[in-house]
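Structure below; questions to follow.
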Amino acid sequence: MNDLKLPELFPEALRSLFEWLDAERTPGTSIGGVAVSLIAQPRATQDIDAVIWLEEREWGPFLETGKKHGIIPRINDALDFARKSRVLLLKHDVSGINIDISMGGLEFEREMIERSTRLLVGGLSIRIPTPEDLLITKAVAQRPKDMADIDAILIAVPDLDLARVRYWVQQFADALEMPEIADNLETKLRHHSSPPPLIQKTAKKSRKAGQRKKQP
């Protein structure tokens, strides 16, 4: 886990989170920096992001069971905040590492969780999304670090299912009335589908040389 550039005790926080989800039989997957590090390239991250699928009436009992795994609310009205924002703001008590759990409610989130796979890393059992689904979340978020993560994913996974990526990104762009979400993705895809400048220059020289040879 050291290659993931994680803070001290970060692996223990991850272990506690997924042991909690497994114990409660709650479907969920990591997202954010941890998922990017495991799918694309290691990068620094200071907190843990996950998404789970759970009926709202079960949020309260679920939150209580987290204490048995050392995961507690980091604000006083965590449950009320979750009902408004669909995000549980938690922390790992021993390490103090923040854990943000998104309470999935969209069809895409349900699919992302169902399509996620379990990965064993340094003795830890972690669920991660498919590269396509992680890329979709990054395309929608649009922050500078998310755009950098898109680059990392496109470089690391050349055989992505771009039809799925484009479909869901367009769905979000339409729903949010933010066409730039889809436009920015296409800009990234075009950039990564183009050959590197050195190859382009070499290709141009080859074409020119071929044209000179053809001249009488």
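The values are calculated or read from the model by the stated rules, or taken from the named source; none is laboratory data. Fair warning: this is a prediction, and the values are worked out from it, not measured in the lab. Glycine gets a Cβ as well: all are built from the backbone with ideal geometry, and neighbour counts include every protein chain shown. Note: accessible area is taken over every heavy atom of the protein model, side chains too, but ligands, DNA and RNA are not part of it. Shrake-Rupley method; radii C 1.70, N 1.55, O 1.52, S 1.80 Å.
If each of MET147 and SER125 carries a label point 7 Å out from its Cα toward its Cβ, how far apart are those two points in nm?
4.0 nm
Quickly work out the ARG164-to-ARG190 label distance, labels modelled 7 Å from Cα along the C-beta direction, and quote it in nm with one decimal.
2.6 nm
Using the Cα centre as the reference, give the magnitude of the dipole from point charges on the C-beta atoms of the chain (Lys, Arg: +1; Asp, Glu: -1; all else neutral), rounded to the nearest 20 debye.
I would put it at about 1860 debye.
Projecting each Cα onto the charge dipole of the chain (Lys/Arg +1, Asp/Glu -1 at the beta carbon, about the Cα centre), which of LEU89, SER116, TRP53 comes out farthest on the positive side?
SER116
Can you send over the carbon and sulfur percentage of the accessible area for the range 53-199, probe radius 1.4 Å, protein chains only?
C and S atoms contribute 54 percent here.
With all protein chains present and a 1.4 Å probe, how do ASP174, ASP146 order by accessible area, largest first?
ASP174, ASP146
Same structure again: Tell me, how many Å apart are the Cα centres for the range 156-188 and for the range 63-99?
If we compute the Cα centre of each part, the gap is 31 Å.
Right, next: Based on DSSP, what percent of beta bridges with both residues in the chain are antiparallel, to the nearest 5?
Of those bridges, close to 75 percent are antiparallel.
Explain nothing, just the number: relative contact order of the range 1-140, from Cα pairs under 8 Å at least 6 residues apart, as a whole percent.
Relative contact order here is 28 percent.
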